[in-house]
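Can you keep this structure in mind? I'll have questions shortly.
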Amino acid sequence: MKTALSISLLLLICCSSFETSTYTQQTGHTNGPIGYYEGDPLPPKTAFLTFDDGPSDWTSDVLDVLKKENVKATFFVCGAWLPKANRIGNSFRKYKTVLIRMKEEGHTIGNHTLGHQNFASMSPKRIESQLDENQKLYQNELGEYSGKLIWIRPPFGSPYIRTKNELIKKRVSSALQGKGLVFMWTKEFDSTDSKEWVKGEWYEKGPRIDIDNEKFRKKMDRIYNSLVSKTEGQGIVILFHDTHPTTKEVLPFVIEKLKAEGYTFATAEDYTRWRWGKTSEELSEEDSD
Ligand SMILES: [Zn+2]
C-alpha cells in the first residue's frame, strides 16, 4: 500500500514537471541530427544522468544505486573500448547479464561507438561504421534482449564540445544524419570523473581498489562539490562514466542532494517524449526518411 502510494506520488511529480513544458520543436534541426545540444531546452528541475564508456566491472554497482534510489538513467555503451576488451572478446559479451539488467530495469541504452575514437578526425564512412559495428555487436551478443541503440553520444563530445571548426562540425553532422539522435550533456555538468585516475581506482574490481584511499575520497568530494554547487532548479544533463569506481561511490550522495532540491530524474527516451511528443524510434525514423 505504502509502495503503491509512493509510486503514484512519484508519477504525479514526474508527470507534472514534464507537462509544464509548452516547448515543442519540429524535427527540422538544421545544424545536424536531431537531439539535445548545449543550450537546447530542458525540462526544469529534471536531471538526466548519463553514463558513458561502459559496461565495466562497476556498472552493476551503478545499477544497484539507481535501483535503490528508484532513478532511471541513460547509458552510452562501447563494445570494444574498455582495455582488455579486445583481448578477451568484447564488453557486450563479458557484461551481457549487466546489459540485460540495464534494459529490464528501464534505463535507456545508447550508442557510444565501437572503439571510442574522435569523430572530428574520421571520414564519414568510418564514423558510420563505428556506429554500425557497435550496433551489430550489441545485437549479436544480446540477441533477443538487444534493441536499436537510437541515441548517440559522440566520444569526447566531439566535435560539438571540443571543436570550434564549423567545417568539421558540418562534416560530422552530415555523417550522423539519419543514423540516430544525438544526446550531448550540459557543459558545466560534466562530472569530470574521467579527468584523472586516482590511486585505488581502476576499470576492474581487484586488489587495487581502495575506496578509503585519501585521493579516492578527495576525488569523490571534488565531483560532488562541482555538481551540486551549480544547481539552481534548471534542467541538467550530467555526464558520468561507469568505468570509474569513484562515480558509483559518489552517485548516491549526488542523487540524494538533487532529490532534496526537488529534482526528478529522466532518460534520453523521456526527453524525446517531452520535447517532440514522440518516441525516439518514431523520431529517428522520420529523420532518416
Ligand atoms: Zn566516452
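What pairs come up if the first residue lies in segment 198-214 and is touching a residue at least 60 places away in the same chain (Cβ under 8 Å) and basic (Lys, Arg), the second is surrounded by 13 or more Cβ atoms within 10 Å (Cβ to Cβ) and in a loop (DSSP other than H, G, I, E, B), and their beta carbons are under 9 Å apart, counting only those six or more places apart or on different chains?
As it stands, the answer is LYS205/ASP57; LYS205/TRP58, since those pairs meet every condition given.
Now, a different point. Scan segment 268-289 for residues that are part of a helix (DSSP H, G or I) and under 23 Å from LYS45 (Cβ atoms) and report the count. Steps first, answer last, please.
Step one: filter segment 268-289 for residues part of a helix (DSSP H, G or I), giving 268-276, 280-288.
Right, trim to under 23 Å from LYS45 (Cβ atoms) and you get 268-276, 280.
Residues in segment 268-289 being part of a helix (DSSP H, G or I) and under 23 Å from LYS45 (Cβ atoms): 10 in total.
Going through segment 206-218 one residue at a time, which ones are over 15 Å from PRO252 (Cα atoms) and basic (Lys, Arg)?
Residues satisfying the conditions are ARG208, LYS215, LYS218.
Scan segment 232-260 residue by residue and report those that are in a loop (DSSP other than H, G, I, E, B) and touching a residue at least 60 places away in the same chain (Cβ under 8 Å).
Initially, segment 232-260 is screened for residues in a loop (DSSP other than H, G, I, E, B), giving 232-235, 242-244.
GLY233, GLN234, GLY235, ASP242, THR243, HIS244, listed by residue number.
Residue by residue, here is whether (1) surrounded by 13 or more Cβ atoms within 10 Å (Cβ to Cβ); (2) of a type outside the set (A, V, I, L, M, F, W, C); (3) on the phi < 0 side of the Ramachandran plot holds:
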residue	(1), (2), (3)
SER194	yes, yes, yes
TRP197	yes, no, yes
TRP202	yes, no, yes
ASP212	no, yes, yes
ARG217	yes, yes, yes
ARG222	yes, yes, yes
SER229	no, yes, yes
GLU232	no, yes, yes
VAL237	yes, no, yes
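Go through segment 190-231 and give me each residue that's within 18 Å of the chain's Cα centre (by Cα) and in a loop (DSSP other than H, G, I, E, B).
SER191, THR192, ASP193, SER194, LYS195, TYR203
Tell me, which helices (runs of 4 or more DSSP H) wholly within segment 88-182 include 2 or more residues that are farther than 17 Å from PRO33 by Cα?
On the way: elements: 91-94, 96-104, 124-142, 166-176.
Filter on segment 88-182 gives 91-94, 96-104, 124-142.
Ok, one more. With LEU142, LEU82 as the choices, which residue is under 21 Å from VAL62 (Cβ atoms) and within 16 Å of the ligand (Cβ to nearest atom)?
Working: LEU142 fails: within 16 Å of the ligand (Cβ to nearest atom).
Just a single option satisfies the conditions, and that option is LEU82.
Among the residues of segment 17-47 satisfying the criterion of being buried (at least 17 other Cβ atoms within 10 Å of the Cβ) and either in contact with a Cys (Cβ under 8 Å, 6 or more places away or on another chain) or at positive phi (or both), which is modelled with the lowest pLDDT?
GLY32
Then there's this: Can you pull out the residues in segment 105-121 that are farther than 10 Å from GLY79 by Cα and in contact (Cβ under 8 Å) with a residue 24 or more places away in the chain?
Initially, segment 105-121 is screened for residues farther than 10 Å from GLY79 by Cα, giving 105-110, 117-121.
Answer for segment 105-121, where residues must be farther than 10 Å from GLY79 by Cα and in contact (Cβ under 8 Å) with a residue 24 or more places away in the chain: GLU105, GLY106, HIS107, THR108, ILE109, GLY110, GLN117, ASN118, PHE119, ALA120.
Mind counting the residues in segment 122-139 that are over 21 Å from LYS169 (Cα atoms) and without any contact (Cβ under 8 Å) to a residue 24 or more places away in the chain? Give the derivation first.
Filtering segment 122-139 for residues over 21 Å from LYS169 (Cα atoms) gives 133-139.
Going one step further and asking which of them are without any contact (Cβ under 8 Å) to a residue 24 or more places away in the chain, we end up with 136, 139.
Within segment 122-139, residues that are over 21 Å from LYS169 (Cα atoms) and without any contact (Cβ under 8 Å) to a residue 24 or more places away in the chain number 2.
If you don't mind, another one. Could you say whether any residue in segment 105-125 is charged (D, E, K, R), surrounded by 18 or more Cβ atoms within 10 Å (Cβ to Cβ), over 20 Å from LEU283 (Cβ atoms) and at pLDDT 95 or above?
To start, the set of residues in segment 105-125 that are charged (D, E, K, R) comprises 105, 125.
Cutting the leftovers down to surrounded by 18 or more Cβ atoms within 10 Å (Cβ to Cβ) gives us none.
The answer is no; no qualifying residue exists.
Out of (1) closer than 24 Å to LYS94 by Cα; (2) modelled with pLDDT of 95 or more, the odd one out for ASP210 is which?
So the condition that ASP210 fails would be (2).
Among the numbered conditions (1) over 17 Å from ASP40 (Cα atoms); (2) away from the ligand (no atom under 16 Å from the Cβ); (3) over 13 Å from the mean Cα position of the chain (by Cα), tell me where HIS244 comes up short.
Tallying (1) over 17 Å from ASP40 (Cα atoms); (2) away from the ligand (no atom under 16 Å from the Cβ); (3) over 13 Å from the mean Cα position of the chain (by Cα), HIS244 fails exactly one: (2).
Taking segment 53-78, which residues are within 16 Å of the ligand (Cβ to nearest atom) and over 17 Å from GLU201 (Cα atoms)?
Of segment 53-78, the ones within 16 Å of the ligand (Cβ to nearest atom) are 53-56, 58-59, 62, 73-78.
Those that are within 16 Å of the ligand (Cβ to nearest atom) and over 17 Å from GLU201 (Cα atoms): ALA73, THR74, PHE75, PHE76, VAL77, CYS78.
Within segment 70-90, work out how many residues are surrounded by fewer than 21 Cβ atoms within 10 Å (Cβ to Cβ), modelled with pLDDT under 80 and among the aliphatic types (A, V, I, L, M).
1
Would you be able to tell me the number of residues in segment 145-175 that are away from the ligand (no atom under 16 Å from the Cβ) and either among the small types (Gly, Ala, Ser) or surrounded by 20 or more Cβ atoms within 10 Å (Cβ to Cβ) (or both)? Give the derivation first.
At the first step, the residues of segment 145-175 found to be away from the ligand (no atom under 16 Å from the Cβ) are 145-148, 150, 164-171, 173-175.
From the residues that got through so far, the ones that are either among the small types (Gly, Ala, Ser) or surrounded by 20 or more Cβ atoms within 10 Å (Cβ to Cβ) (or both) too are 146-147, 150, 173-175.
Of the residues in segment 145-175, 6 are away from the ligand (no atom under 16 Å from the Cβ) and either among the small types (Gly, Ala, Ser) or surrounded by 20 or more Cβ atoms within 10 Å (Cβ to Cβ) (or both).
The values are calculated or read from the model by the stated rules, or taken from the named source; none is laboratory data. Please read these numbers as outputs of a predicted model, since none were measured by experiment. Here Cβ is always computed from backbone atoms with ideal geometry, including for glycine, and neighbour counts include all displayed protein chains.
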